[in-house]
1. Computed over the Cα atoms, what is the radius of gyration of the chain divided by 2.2 N^0.38 Å, N being its residue count?
2. Per DSSP H run of n ≥ 4, the term is -39500 (n - 2.57); total these for the chain, divide by its residue number, and report the mean residue ellipticity at 222 nm rounded to 500 deg cm²/dmol.
3. If you roll a 1.4 Å probe over the heavy atoms of the protein chains, what accessible area per residue do you get for the chain, in Å²?
4. For the ranges 56-65, 7-16, what's the packing order if you count other beta-carbon atoms within 10 Å of each residue, average per peptide, and put the highest first?
5. Could you derive backbone 3J(HN,Hα) for the stretch 22-30 from the dihedral phi with the Karplus parameters 6.51, -1.76 and 1.60 (θ = phi - 60°), listing whole Hz in sequence and x where the residue is Gly or Pro?
6. Students often forget the sequence filter, so: which aspartates and glutamates lie under 18 Å Cα-Cα from K62 once same-chain residues fewer than 8 apart are removed?
7. Find out how many positive minus negative residues lie around D28, taking Lys and Arg as positive, Asp and Glu as negative, among other residues whose Cβ is under 11 Å from that of D28.
Amino acid sequence: MNDTFKEFKGRIRKMDELLLERGLKNMDFAQAVSRVHRVARRGDRSREPTAELRGLLERAEKIALTV
């Protein structure tokens with residue numbers, strides 16, 4: 001696994017933890033995390049994360065900060 005992708009997986013796990021802590025109170029956040037998971041599954045872990053994955057993860061992180 002690529003080191004950058006490994007970092008992204010760590011950030012995704014953090015979003016999962018926040019989602020579990022907060023429950024489904026914020027549907028925008030839950031949907032953003034779900035989108036990140038879908039794109040990450042399609043991604044090639046031997047390469048750099050796509051711009052789409054980067055954008056979705058950053059969006060989920062921004063939503064997490066506002067909740």
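The values are calculated or read from the model by the stated rules, or taken from the named source; none is laboratory data. Nothing here was measured: the structure is a model prediction, and the numbers come from that model. Here the Cβ positions follow ideal geometry from the backbone for every residue, glycine too, while neighbour counts run over all protein chains shown. Areas reflect the complete protein model, heavy atoms only, side chains present, ligands, DNA and RNA absent. Shrake-Rupley method; radii C 1.70, N 1.55, O 1.52, S 1.80 Å.
1. Working: Rg = 11.6 Å, N = 67, 2.2 N^0.38 = 10.9 Å.
Dividing the Cα Rg of the chain by 2.2 N^0.38 Å gives 1.06.
2. Calculated mean residue ellipticity at 222 nm is -26000 deg cm²/dmol.
3. Working: 4640 Å² over 67 residues.
Averaged over the residues of the chain, the accessible area is 69 Å².
4. Values: 56-65: 16.7, 7-16: 14.2.
The densest-packed peptide leads the list: 56-65, 7-16.
5. These are the phi-based 3J(HN,Hα) values: 8, x, 9, 5, 10, 5, 4, 5, 4 Hz.
6. In chain and number order, the partners are E7, D16, E17, E21, D28, E52.
7. Combined, the nearby Lys, Arg, Asp and Glu give +4.
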